[in-house]
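Enquirer: This is the structure, below, for whatever I ask next.
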Amino acid sequence: MIDIGLIGIGTGNPDHVTLAAIKAMQAADLVLLPRKGEDKAELIDLRREICAAHLPDLSRVVEFDLPVRDGRAEYLDGVNDWHDAIAGTWLREIQTHLPGGGRVVLLVWGDPSLYDSTLRITERLALGGMAVTTRVVPGVTSLSVLTAAHAIPLNTLGAPVLITTGRRLRENGWPVDADAVAVMLDAGGAFSTLDPSGLHIWWGAYVGMPQESLISGPLAEVAQTILDRRAALRAQHGWIMDIYLLHRAPRQG
């Protein structure tokens, strides 16, 4: 039996790691850390820092190379193939290092429940015949870090918030009947496809990390500034993670 723990670690600030996360890490027989290439070395460096701070025995920490998604394939097909490849990599590492079973944990950016695929990948292990139990330790989300950084509430008074992706915003436009939209996984500037009239944006890159960058204001006034800042940061760091919240002003009349 393999007990898999998916541990949310927040968005790049070691202070986001909760006591529950630390306890789960310390109880593990194996800690798997994904390497995502040299251009994203900061992501595994943070995970290494967390392990060094909280694990007395680093011999249980194993790094592996994360498979790369084929960007040429149709989106959902490409993602499903990628998840299959990741599940195969997890299986290999688990069978190599825990042949008799035990507890394995993975440190998940943000929270495993919000636009993260580790739960779906874990399901693939079970469907493949591995005896698996799954535990989730919640983590601080990029959305909560964004609103904290800007010192704003997520929603307007008594109103809902729609959470979507940059790809869907770009393809489908502003969601029908939505007054507040949080956008994640944007490959770059999907907000620029919208009519900016009456829209206010709160944008953040690397939220929670030392290089955090924030911009807010009427979308018509700050959209190009965000695009320019994003391009400069990506060129500087070799990668970027950003997120934003859009509110639409109440209709008049």
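The values are calculated or read from the model by the stated rules, or taken from the named source; none is laboratory data. A quick note: this is a predicted structure, and the numbers were derived from the prediction, not measured. Positions of Cβ are generated from backbone atoms using ideal geometry, with glycine treated the same way; all protein chains shown enter the neighbour counts. Just so you know, the surface numbers come from the protein's heavy atoms only, side chains and all, with ligands and any DNA or RNA stripped out. Shrake-Rupley method; radii C 1.70, N 1.55, O 1.52, S 1.80 Å.
Enquirer: Take the solvent-accessible surface of the protein heavy atoms, probe 1.4 Å, and return the percent of it on the chain that carbon and sulfur atoms account for.
Expert: That share works out to 53 percent.
Enquirer: Out of V108, V68, V145, any idea which swings most in a Gaussian network model of the chain, alpha carbons joined below 10 Å?
Expert: In this elastic network of the chain, the residue with the biggest mean-square fluctuation among V108, V68, V145 is V68.
Enquirer: Now for a separate question. How many angstrom lie between the Cα centre of region 187-211 and the Cα centre of region 86-160?
Expert: 25
Enquirer: Would you please name the trypsin sites (Lys or Arg not before Pro) within region 169-253 that are DSSP coil residues with at most 11 other C-beta atoms within 10 Å of their C-beta?
Expert: Passing sites in region 169-253 are R251.
Enquirer: Another one. By per-residue mean of other Cβ atoms within 10 Å, what is the highest-first order of 214-223, 183-192, 69-78?
Expert: Highest mean packing first, the order is 183-192, 214-223, 69-78.
Enquirer: Provide the per residue accessible area, probe 1.4 Å, for the chain, rounded to a whole number of square angstrom.
Expert: Here the residues of the chain average 50 Å² of exposed surface.
Enquirer: Sticking with this one: Ordering L162, L33, L19 by accessible area with a probe of 1.4 Å, largest first, what comes out?
Expert: L19, L162, L33
Enquirer: Still on this structure: Rounded to whole Hz and in sequence order, give me ³J(HN,Hα) for region 12-18 from the Karplus expression 6.51 cos²θ - 1.76 cosθ + 1.60, θ = phi - 60°, writing x for Gly and Pro.
Expert: Running phi through 6.51 cos²θ - 1.76 cosθ + 1.60 with θ = phi - 60° gives x, 9, x, 5, 6, 6, 7 Hz.
Enquirer: If you work out log10 I(q)/I(0) by the Debye sum over Cα atoms at q = 0.07, 0.10, 0.12 Å⁻¹ from the coordinates, which of [x] -0.41, -0.65, -0.77; [y] -0.27, -0.54, -0.77; [z] -0.47, -0.65, -0.76 do you get?
Expert: [y]
Enquirer: Mind running the shape call on region 1-64? Use the C-alpha gyration tensor, a ≥ b ≥ c as the square roots of the eigenvalues: rounded below 1.5 for a/c, prolate if a/b tops b/c, oblate otherwise.
Expert: Because a/c hits 1.5 or more and a/b fails to exceed b/c, region 1-64 counts as oblate.
Enquirer: Put +1 on the Cβ of every Lys and Arg and -1 on every Asp and Glu Cβ in region 86-134; which of T134, V108, L98 then has its Cα farthest towards the positive end of the dipole?
Expert: L98
Enquirer: List the relative contact order of the chain as a percent without decimals, with contacts defined as Cα pairs under 8 Å and 6+ residues apart.
Expert: Computed over the chain, the figure is 23 percent.
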